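One structure is given here, and the rest of the page talks about it.
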Amino acid sequence: MTRWEYARLEYRSAGTLGTDRFMDWDAIFYTGSGVQRWGTDERYDDLIHLNRAGADGWEAYHRNAVFHANEPHRLFAVTYSLRRPLP
């Protein structure tokens, strides 16, 4: 039987940098051992962060997208559920 360790990668609109603030994205990685800020991107590019997690043995098994309430075409956050087998 495989035992799993779980984590979450949250990719959220930063809303902080200049007039194009909805184009900036923060990557935050949550595990049982704590929270790690993985930086801010100037445009949506979550593959860099997914590849970083994958290099550490994490696999994504669920993705959830959240849109602004009044603007369904504007993405607000994407959350990835991750897991990796315990040794």
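Descriptive notes on the structure:
- For region 18-38, residues that are surrounded by 11 or more Cβ atoms within 10 Å (Cβ to Cβ) and at pLDDT 90 or above total 8.
- Taken together, 84, 43, 63 contain a single residue that is in a loop (DSSP other than H, G, I, E, B), open to solvent by 30 Å² or more (accessible area, probe 1.4 Å) and not acidic (Asp, Glu), which is 43.
The values are calculated or read from the model by the stated rules, or taken from the named source; none is laboratory data. Because the structure is a prediction, the values reported are computed rather than measured. Ideal geometry is used to build each Cβ from the backbone, glycine not excepted, and the neighbour counts take in all protein chains shown. Surface areas here come from the heavy atoms of the whole protein model, side chains and all, with no ligands, DNA or RNA. Shrake-Rupley method; radii C 1.70, N 1.55, O 1.52, S 1.80 Å.
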